[in-house]
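Below: the structure, in structure tokens.
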Amino acid sequence: MLKLQPEKKPVELKGWSDEESEVRSFLQCLSYISQLSCDDDRFFQTVCESIPVRSREEDQQLASLLQALGSTLSLGGELPRKTCRSVGRVLGLCASRVDLTLTPSKISLKGALLLLRHESKLHKLRLSVGMAVKLSRLVRRTGRGATPLTVPELSLVLKSSHLPERVLSRALSSVASLLRLWRVQCLDLTDFWIQGHSLITLLCHQGPLSLRLNSDTLQQLTVVVYEAQDKDLTQLFLEKVGGDLTSCRLDWEVLLSLLQLSTHNITVDLRKNRLLEKNISDLLPFLGRVTLKRSSSSFVKSSIRHIYDSRDSDCVSSLLRSSDHWINLNSRELDRVDCTALCFTLQHSHQVKVNLLWTSIPPGEIESILPLLDRVSQLSVDRRLLLSFLQCCAASQVQQGAPPPPTAEWLLRSLHYRLDFSCSSSVDLSAQDQGGALCLTTDHCRAINSVLKQNQHSTQLVQNQVQLILRDCEVEDRALRELLPILHIVKLSPSKALLLQLLDLVCEGIEEGLLRHTESLCRALDGELDLSETRLDQKACGSLALVLEHSEGLSKLDLSHCQLTDHHLQPLITHLHKVQVLDLSHNDITDALTDRILQLVSTNTSIHTVRLFNNRIQDRRPFLTDKRFDIW
């Protein structure tokens, strides 16, 4: 069956036979298999035990089998020399890609030598305690010749996570011997807990070795190293664990000692080490060597305040490096000195990210932040603070005197050209604002208009269309009129209620204005108008008809679930030829409009799809001859 397939297929093997003839027949099909899975993780071992390997061609077949199994090999139970010899020959062809697990209950030194004699590199190697001891004895006896085995990742596998001290000590001693004779990049000991003092020998291993430990082991080892107060041991410890202490809870004295006794960088998790926030002034000189994961906004606020008090501009760079160039002031209440400290930080920053979501800023302080936004690559603000920034920016544009800096352009760039007034991006569960509708006043809309209109010809705005998201917003008609002149330069995402308001507004006024605003609205909506699940009255249908009449058309118009009747569609139907995909499903349209709808579609090849299912149309047969109708 496999040979009849036009391409390789994945195969799952169940209930397979270990008869030599059947195994050999199966091996002939490997060229038709892309991936092989089996319910027995020792399938490859059983195959090697079933057939004698006598030629290089058979070695290559087994190497192909191992590749189909994902180059993952697990050997356990009793491993006779014959099996070790066969597996060893296969590994000699592909070992550098193989993840090998060795947990045999019985294997001779000769068998172990046959297993590994042809390899110079394994991708990963996992050893049981007994196998680690045996291989340690083997490499000490043979030295493995002139070429040591290279293992990027070596792991120790234990049947129990808590071994007797004597057994664990022997296992670690054997691993240490292997490290001296093999080239191991990473030693993974995360499967079990080890007392810190038992790892000192591994810390003193000479060579580029990284240690991977579980959190309990690393916690205790950190304390052991701290208590030793040895400079060399501290340096070796941090080098072996890569300075990553994010899983540890550290006293200030412990962290300070590690920093003073080494030159290595250290990574800590501030949420696990809240007490460190009380030692900010002592920590600041070391920030160049400390990476802070999950730093709180209270810590950042206190840090920039301390830095400002000392006027230490070099410390700003250290703070930003330690926090991945984030200034997180989320949900903080800032006073005027805090804002001055923030400005000092921004003055000595470049391409920094600032989080001001639900941050309280005193009146008059945003004006001092605006001219520094050229240093900000990303600004995160809630929708109310966004309005404050826009109003300040608009006010700065009308000031008399020398031309102001392009703060509006900097503001839009830092916001990634996204003005989002929806509650989905700004709900603060800890505050009074629970994500209700935001009321945009005339002043608000005038500020949006001013910022966008006066910068519409800037290179950045030409290249980056501004997204104006007005979901979850309430806007009076008078305020909404302020947004009509900028529709042509934004991508608009309004609520459906707001969209109905816009349809009515653009249909007001003289013919020239009507034409301009309808085209702008359709362009701002990216050619897609969604009024689904919105009850449309006769006035709304008339406004929609006028918009369609005076526009170039829509790629999609969704009027599903709108309770539309034949009467509602009367003013619309003569203009629906301007829509490519029309959804009229789940309404109250009857057979009375069948002829007009059929004529509309048959005479307009620009219409791609018309959805009419779940209406009150009884006779569906006339629609079945045209595949553009979706009806059942």
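Against the chain, whose longest principal axis comes from its Cα atoms, helix 336-347 is set at around 70 degrees.
With K and R counted +1 and D and E -1, the other residues having a Cβ less than 9 Å from that of Ser532 yield a net charge of -3. Counting only lysines at least 8 places from Lys627 when in the same chain, those with an alpha carbon closer than 30 Å to its own are Lys556, Lys578. Residues Ser532, Ser380, ranked from the fewest to the most other C-beta atoms within 10 Å, line up as Ser532, Ser380. In this calculation the C-beta distance from Arg166 to Arg294 is compared with R0 = 45 Å, giving a FRET efficiency of 0.65.
Counting other Cβ atoms within 10 Å as a rough exposure proxy, the listed residues Asp232, Asp244 run Asp232, Asp244 from fewest neighbours to most. Remark: relative contact order (region 48-171) = 22 percent; criterion is Cα-Cα distance under 8 angstrom and separation of 6 or more residues. The trypsin sites (Lys or Arg not before Pro) found in region 157-197 that occupy coil by DSSP, while having at most 12 further C-beta atoms within 10 Å, are Lys159. Here the contact order of the chain, divided by its residue count and restricted to Cα pairs under 8 Å and six or more residues apart, works out to 5 percent. Among Val506, Val133, a tally of other beta-carbon atoms within 10 Å of each Cβ gives an order, fewest to most, of Val133, Val506. In the chain, the sites counted are GluC sites (Glu not before Pro) in DSSP loop states with at most 16 other Cβ atoms within 10 Å, and the longest stretch holding none of them, exclusive of the sites, is 20-475. Counting other C-beta atoms within 10 Å, and keeping those with at most 16, which DSSP coil trypsin sites (Lys or Arg not before Pro) do you find in region 275-352? Sites meeting the loop and neighbour criteria: Arg294, Arg311. Plainly put, the chain has a radius of gyration that is 1.13 times its Kirkwood radius, both from alpha-carbon atoms, as the Rg/Rh ratio. Overall, the chain carries a charge dipole of about 3560 debye about its Cα centre when +1 sits on the Cβ of Lys and Arg and -1 on the Cβ of Asp and Glu, all other atoms neutral. Which angle between 0 and 90 degrees, to the nearest 10, do you get for helix 81-94 versus the longest principal axis of the chain when only C-alpha atoms count? In the chain, helix 81-94 runs at an angle near 40 degrees to the longest axis.
We did not get these values from a lab; they are worked out from the coordinates using the rules stated. In this text, all values refer to a predicted model and were calculated from it rather than measured experimentally. Every residue, glycine as well, gets a Cβ built from its backbone with ideal geometry; the counts of neighbours run over all protein chains shown.
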